[in-house]
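Taking it in order: structure first as structure tokens, then the write-up.
The values are calculated or read from the model by the stated rules, or taken from the named source; none is laboratory data. Predicted model only: the values in this text are computed from it and were never measured. Here the Cβ positions follow ideal geometry from the backbone for every residue, glycine too, while neighbour counts run over all protein chains shown.
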Amino acid sequence: LSPSSGAVGASVTIAGGNFGSTQGTSAVTFNGTVATPASWSATSIVAPVPAGATTGNVVVTASGVASAGASFTVLAVPSISNLSAAAGAVGASVTIAGGNFGSTQGTSALTFNGTVATPASWSATSIVAPVPAGATTGNVVVTVSGVASAGFNFTATVPDGNFVQGNNATGETPQTTATVTYTAPQVAGDLNIVVVGWNDSTARVQSVTDTVGNAYSLAIGPTVQSGVATQAIYYAKNIAPAAANGNTVTVTFTVPATSADIRIAEYSGLDTANPLDASSAAQGNGTLSDSGSVTTTNGNDLLVAANQVQTGSSGAGTGYTTLVITSPDADILEDQLVTAIGSYSATAPVSPSGQWIMQMVAFRMAGSGGGTASQLSVSPASNSFGSVQVGNSAIQSETLTNSGDSDVMVTQVTVSGSGFAVSGLNPSLTLTPGQSFTFDIVFAPTFTGTSSASISVISDASNSPITIFLSGTGIAAGQLNLTPTTLNFGSVVVGASASLTGTLSATGSSVTVSSATVGTSEFTLSGLSFPFVLATGQSAPFTVIFRPQSSGTASDNLTFVSNAMNSSLAESLTGSGTAPPQHGVDVSWRPSASVVIGYNVYRSITSGGPYTKINLALNGATTYTDNTVQEGQTYYYVATAVDSSGTESKYSNESATVIPSP
């Protein structure tokens, strides 16, 4: 067999004998799958590997007699399903997704319209490689064990001499973080650019960081297309070196961002002290995305532009070179070198017509005299206040930093949107190079629902104005509920006490109960410690104690003070004080068997005495009522008999009694 292996469709020559001069009813099979020969002779058959064939024996059957089998290996055909970018410049990183690539590269190859690339990584389903030098527009092809995939079209562009490398990543599901890696080594002193676009107007960029610790500043944006998309461009000057695949950029959002599209690029030859010269941005709807014009202040600038589109970018604008068109989002990153001060803009066609954001940033080339320009940065670039009750307020801090090499004066601060205010930042603030100033932003919602606003800080810095984006949600004040609304203690003996319980609860939203008051000392509250917070649906029990100090009706109100809509809530308290009962002890005894003229009654508070006589005069009857007792006390009584001569008998037996409490 020649060859002894091949993919479906590959031509195989089968050499031998006694095949017959023509095919007639004879057949050739590949592991049982019938082939359709292109030619047939007594000693040679040429046939393509049939669809569905698998590795096994090739057998020729002539006039019903089968030959011995000859082994043949059917090779898998590599296939490309997607490219991470539809276009890119030489050096831009492209991820080729597909199948049957083989677990390692080995002798396999990747070409861009015939130009061999040097992959950074290779697996059975993914290859990552920079666009090779000399590549032109045409098909990307993966060849494995001599079997080539179908081509996948790619538009190759030649970048300016300062472009080093680029990469991109798209996330089609909402995500709070997105990462992109520089696949080639990075050189110290170069400039990194990070374009962040996403398809919503709610999320904001919380931070841009990378593995080696480069500091990223906001070059322009965020530019917000309400309800549609947002884009911002960041940069890191004078970067630290990194090995190939040794530096990954991480973008963190405040909330999950929809379809985040991250594009990164490395440039050499830019000013390492203060590279940012000017910037412009615009948004619209149509067939051409256009950043609008801005006048540069420097003779030699690198213009870097990017768009975020809802349809697709078909190529670079006039004068610009395509660095990458992302897939599947079709957002472009392009650049241009200019050598004169002037008014510049960036454009890119949009096809079909649709909504777009376009931003352009001008960076100073090294040695072009731009190192003394001023620049103002802000941190954070956006503030989310979360939920705040209407009538309350929340405060967050914001910091301005002069990151340039000359003084910056803030000339105007404006707030657009209701419910937000700036505290502590006044026009005429001057920051020296490296100096920072922190001020407060206050959110005090006046209505329920989501509020969005922005603060514009205008200064004499080269990147003025700076915009800070704000968001927060006003929520309705909670309702404080009291159960029951009336506590009636009934009758309580003066000096005693009675207690009843009640419950506070919150509905709608949380409530802070700050205090409670009662007007009279006869009622007291226990079981609560102020201030305290009741979450929605939560309750707090309490106890009210009534201690009457005099006879008669007592009434008062227990008033709770909170931040609820019903900020003052009262419970009615009523009760009646009654006088303590008057107790007496009836003492009786059997009459004496002797002749007596009367009796004496004695009392003690100790069993067995000593006793004290309590009758003032001789008692002629055999009963006596003691009305001088005290509640809660135990008394012990005895009696004696007295005859006519005044002689008194011994004490009778002792009788004890306990006086009840009220």
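Descriptive notes on the structure:
- The listed residues are 141, 90, 128, 116, and the only one of them that is at pLDDT below 90 and not assigned by TED's automatic domain parsing to the domain that holds residue 233 turns out to be 90.
- Residues that are farther than 30 Å from residue 333 by Cβ, in contact (Cβ under 8 Å) with a residue 60 or more places away in the chain and assigned to a strand (DSSP E or B) occur at least once in the stretch 58-71.
- Across the stretch 500-515, a minimum of one residue is classified as farther than 21 Å from residue 563 by Cα and of a type in the set (Val, Ile, Thr).
- Some residue of the stretch 608-631 being hydrophobic (A, V, I, L, M, F, W, C), at negative phi and in contact (Cβ under 8 Å) with a residue 60 or more places away in the chain: no
- Flag if residue 596 is surrounded by 13 or more Cβ atoms within 10 Å (Cβ to Cβ), modelled with pLDDT of 95 or more and out of contact with any helix residue (DSSP H, G or I) (no Cβ under 9 Å at 6 or more places or on another chain): no
- Test: residue in the stretch 34-43 that is in contact with a Ser or Thr (Cβ under 7 Å, 6 or more places away or on another chain), among the hydrophobic types (A, V, I, L, M, F, W, C) and within 16 Å of residue 147 (Cα to Cα): no
- Residue within the stretch 517-538 that is under 37 Å from the mean Cα position of the chain (by Cα), part of a strand (DSSP E or B) and of a type outside the set (A, V, I, L, M, F, W, C) present: no
- Members of the stretch 13-33 found to be of a type in the set (Val, Ile, Thr) and under 60 Å from the mean Cα position of the chain (by Cα), listed by number: 33
Results for (1) surrounded by fewer than 21 Cβ atoms within 10 Å (Cβ to Cβ); (2) in contact (Cβ under 8 Å) with a residue 60 or more places away in the chain; (3) in contact with a helix residue (DSSP H, G or I) (Cβ under 9 Å, 6 or more places away or on another chain), shown as yes or no for each residue.
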{"site": "145", "(1), (2), (3)": "yes, yes, no"}
{"site": "149", "(1), (2), (3)": "no, yes, no"}
{"site": "172", "(1), (2), (3)": "yes, yes, no"}
{"site": "176", "(1), (2), (3)": "yes, yes, no"}
{"site": "187", "(1), (2), (3)": "yes, yes, no"}
{"site": "197", "(1), (2), (3)": "no, yes, no"}
{"site": "201", "(1), (2), (3)": "yes, no, no"}
{"site": "205", "(1), (2), (3)": "no, yes, no"}
{"site": "218", "(1), (2), (3)": "no, yes, no"}
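- Contact map, the stretch 639-654: residues that are outside the structural domain of residue 624 (by TED's automatic domain parsing) and within 14 Å of residue 589 (Cα to Cα) paired with residues that are modelled with pLDDT of 95 or more and assigned to a strand (DSSP E or B), Cβ distance under 7 Å, separation 6+ or inter-chain. No pairs are found.
- Under the condition of being free of Cβ contacts under 8 Å to residues at least 60 places away in the same chain and either in a strand (DSSP E or B) or crowded, with 16+ Cβ neighbours inside 10 Å (or both), the residues counted in the stretch 128-140 number 8.
- Applying the criterion of being on the phi > 0 side of the Ramachandran plot and in contact with a strand residue (DSSP E or B) (Cβ under 8 Å, 6 or more places away or on another chain) to the residues of the stretch 100-113, the residue that is modelled with the highest pLDDT is 113.
- Qualifying residue in the stretch 461-472 (condition: surrounded by fewer than 16 Cβ atoms within 10 Å (Cβ to Cβ) and either of a type in the set (Asp, Glu) or assigned to a strand (DSSP E or B) (or both)): no
- Residue tally, condition crowded, with 16+ Cβ neighbours inside 10 Å and at pLDDT below 90, over the stretch 493-507: 1
- For the stretch 479-492, a tally of residues being buried (at least 18 other Cβ atoms within 10 Å of the Cβ) and touching a Leu at 6+ places or on another chain (Cβ under 6 Å) returns 2.
- Residue match in the stretch 448-455 (condition: exposed (fewer than 14 other Cβ atoms within 10 Å of the Cβ) and free of Cβ contacts under 8 Å to residues at least 40 places away in the same chain): yes
- Filtered by the rule that a residue be more than 17 Å from the chain's Cα centre (by Cα) and either part of a strand (DSSP E or B) or surrounded by 18 or more Cβ atoms within 10 Å (Cβ to Cβ) (or both), the stretch 380-395 gives 388, 389, 394, 395.
- Filtering the stretch 93-110 to residues that are over 39 Å from the mean Cα position of the chain (by Cα) and either outside the structural domain of residue 146 (by TED's automatic domain parsing) or among the hydrophobic types (A, V, I, L, M, F, W, C) (or both) leaves 109, 110.
- Strands (runs of 3 or more DSSP E) enclosed by the stretch 212-312 - at least 1 residues per element that are over 26 Å from the mean Cα position of the chain (by Cα): 261-267, 276-290, 301-309
- Consider the stretch 647-662 and keep the residues that are in a loop (DSSP other than H, G, I, E, B) and among the charged types (D, E, K, R). The one that is surrounded by the fewest Cβ atoms within 10 Å (Cβ to Cβ) is 650.
- Counting only strands (runs of 3 or more DSSP E) wholly contained in the stretch 149-189, the ones carrying 3 or more residues that are over 21 Å from the mean Cα position of the chain (by Cα) and at pLDDT below 95 occupy 152-157, 163-170.
- Among the residues making up the stretch 4-31, those that are touching a Phe, Trp or Tyr at 6+ places or on another chain (Cβ under 8 Å), surrounded by 11 or more Cβ atoms within 10 Å (Cβ to Cβ) and among the polar types (S, T, N, Q) are 4, 5, 23, 26, 31.
- Test: residue 572 is exposed (fewer than 15 other Cβ atoms within 10 Å of the Cβ) and assigned by TED's automatic domain parsing to the domain that holds residue 523: yes
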